[in-house]
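Structure first, then comments.
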Amino acid sequence: MPHTLNAYQQAIGEPLPDWSPRALPARAPILGRYCRLEPLDPQRHADDLYAAYSQAPDDRDWTYLPVGPFASAADYRAHAERAAANSDFLHYAVIDLKTERAVGTLALMRMDPANGVIEVGFVVFSPLLQRTPISTEAQYLLMHYVFDTLGYRRFEWKCDNLNAPSLRAAERLGFRFEGIFLQATVYKGRNRDTAWFSIIDSEWPALRAGFAQWLAPENFDAQGQQRRSLAQIRTEL
């Protein structure tokens, strides 16, 4: 990373004379081409979400989360009510614009506006959302909001280092792997070594251009299959 020297010839970080603390995310919808992100509202979203999650053949999507699985719609609604009331998180319901139904959730968390750092987490995408353009666009919409609207410097992704699907998703979305924090937390009665990833503001313009090309309607055939992958598009930029 760039650095400069102080009066003692010690290396120090580059000055940020124009930096000021950023705003916290607003509790407002974020609209995309394929989906809309809405702050989680249990009364409006919980039933759709539980129905969407119930499409899964088993409970493996909850293995690496500190909550779930849920035995009933009432149990899930109780979780959604706790999540929506937690001021340390801003949980969003992902709304499929074709059906106007909630098909998954994700959250902004560990918000540090003084330093311009924020994390995306609690990603729970149902089978109705997984491996669709919506799943990528939902992540892109949060990145775009954090970097381009709020002006944050750093966007983080963290997961259990044994969570192979999450590791692959972070890499596909353009996050940079930064290392593993050993024995970082305990959840569901077991150890978690946490893998850290980030995107910083200087990396965002190139990633944004790649997302724009991948999400364009012409990148999908009549069956909705991608013509070019995100990785391929980025190598061509």
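The values are calculated or read from the model by the stated rules, or taken from the named source; none is laboratory data. Quick caveat: nothing in here was measured; it's all calculated off a predicted structure. We place every Cβ from the backbone using ideal geometry, glycine too, and count neighbours over all the protein chains shown.
Table: residues versus (1) part of a strand (DSSP E or B); (2) in contact (Cβ under 8 Å) with a residue 12 or more places away in the chain.
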site	(1), (2)
Arg22	no, yes
Asp47	no, yes
Asp75	no, no
Thr105	yes, yes
Leu108	yes, yes
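A single entry from Arg82, Arg131 fulfils the requirement of being without any contact (Cβ under 8 Å) to a residue 60 or more places away in the chain and outside any loop (DSSP other than H, G, I, E, B): Arg82. As a summary of the residue check, Leu106 satisfies the conditions (1) over 22 Å from Pro66 (Cα atoms); (2) of a type outside the set (Val, Ile, Thr); (3) touching a helix residue (DSSP H, G or I) at 6+ places or on another chain (Cβ under 7 Å) except for the one numbered (1). Scanning the stretch 80-106 for residues that are closer than 19 Å to Tyr34 by Cα, surrounded by fewer than 20 Cβ atoms within 10 Å (Cβ to Cβ) and aliphatic (A, V, I, L, M) yields one hit, Leu97. Going residue by residue through the stretch 53-74, is there one that turns out to be touching a Cys at 6+ places or on another chain (Cβ under 9 Å), more than 21 Å from Ala28 (Cα to Cα) and modelled with pLDDT of 95 or more? Yes, the stretch 53-74 contains a residue that is touching a Cys at 6+ places or on another chain (Cβ under 9 Å), more than 21 Å from Ala28 (Cα to Cα) and modelled with pLDDT of 95 or more. Screening the stretch 1-45 for residues that are surrounded by 10 or more Cβ atoms within 10 Å (Cβ to Cβ) and hydroxyl-bearing (Ser, Thr, Tyr) and picking the one that is farthest from Pro217 (Cα to Cα) gives Thr4.
Kindly establish whether Asp75 is farther than 27 Å from Phe175 by Cβ and out of contact with any helix residue (DSSP H, G or I) (no Cβ under 9 Å at 6 or more places or on another chain). I'd like the intermediate steps shown before the answer.
Values: farther than 27 Å from Phe175 by Cβ: yes; out of contact with any helix residue (DSSP H, G or I) (no Cβ under 9 Å at 6 or more places or on another chain): no.
The answer is no for Asp75.
Rundown of residues vs (1) within 20 Å of the chain's Cα centre (by Cα); (2) part of a helix (DSSP H, G or I), yes/no style:
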| residue | (1), (2) |
| --- | --- |
| Tyr152 | yes, no |
| Cys159 | yes, no |
| Leu207 | yes, yes |
| Trp214 | yes, yes |
| Ala222 | no, no |
| Gln232 | no, yes |
